Amino acid sequence: MKKFNIAIVGLGGQGIITMGTVMKNAALSSDLLDVSGSERRGGAQREGYVETFVKYIFYENESELKDPRKNMHSPMIEAGGADVLISLEPLETLRGACYLNANSTVIFNRTPHIPISVRMGQSSYPDISFIDLELRKITEKIFSYDFDKICTDNFNSLTQRNIIALGGLFAKTDMPIESSAIEAILSEGKGASDNLKAFDLGLKL
C-alpha cells in the first residue's frame, strides 16, 4: 500500500475545509481505490487555525484493499508524513511545517492575515523572507504566490482564493488524480464558472 498525503492549513474563513472536500470527492470519481482524511475546525468561526488532511491510497491489488490487516490506516498525517503542504496564510505555514520532510513540496500564500496581537503592537509579524528561509531548512521545494492579489484582480473578491491554490497544487506537483476530476466537481453547484476559471488560473502558475 502506498499513500500520497496532502496537508492543507490556514485560517477559518479561507476555504480550507472546502479544498479538502473537493479533493476527496474528486478522488471518488477517479481510478483510486481509496481516499481518506480528517479535519480540525476548532478555529473556523474565529479566524483561528484550521487544517485538513487528504490521503490518496494505492493498493497493489483489490485483495489487498479487502484485507483488514493491510487496509487499516489513520486519517491523520504523522509528523514528517506530508508529500505536499498547502497554506493560505504565511505564518500558519510554519505551524504546518511539522508535517514536512526533505521531499515535501510547499505551496503557500504570501499575503498575511495580521493577528490582533500585532495590530495592537503586542507582537510582530515575521517577514516572508524569514518564513521562506525556515521552510528551506526542511525542503527546497517551496512555491509561494500572492493568491489574494490574483483572486481580487480577477474576481474582485477573495472567494476563489482557495480554488486558485488548488490549481497551483496540480501545477507544481505530480498529483495522483487528473485535473479533470477536480474540474468535474467544480462544475457542479453555485459559482461553477468562477470556480473553473480560478482553477485554471492556478494551473497556469
Once Rg and Dmax of the Cα atoms in Å is worked out from the coordinates, which option in (1) 17.0, 53; (2) 15.9, 46; (3) 17.0, 59 does it equal?
(3)
Helical mean residue ellipticity (222 nm; -39500 (n - 2.57) per DSSP H run of 4+; nearest 500) of the chain
-10500 deg cm²/dmol
Mind jotting down the distance between the C-alpha centroids of the range 158-178 and the range 8-32, whole Å?
10 Å
Ranked packing of 84-97, 169-182, most packed first, by mean Cβ within 10 Å
84-97, 169-182
Those lysines that a straight Cα-Cα span of less than 25 Å connects to residue 2, excepting residues fewer than 8 apart in one chain:
24, 55, 66, 70, 141, 172
Skipping prolines and chain starts, which residues have an amide H placed within reach, meaning under 5 Å, of the one on residue 144, given they are 5 or more residues away or on another chain?
108
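Here, each number is a calculation from the coordinates, and none is a lab measurement. A quick note: this is a predicted structure, and the numbers were derived from the prediction, not measured. Counting neighbours? That spans all protein chains shown, and the Cβs are built from the backbone with ideal geometry, glycine included.
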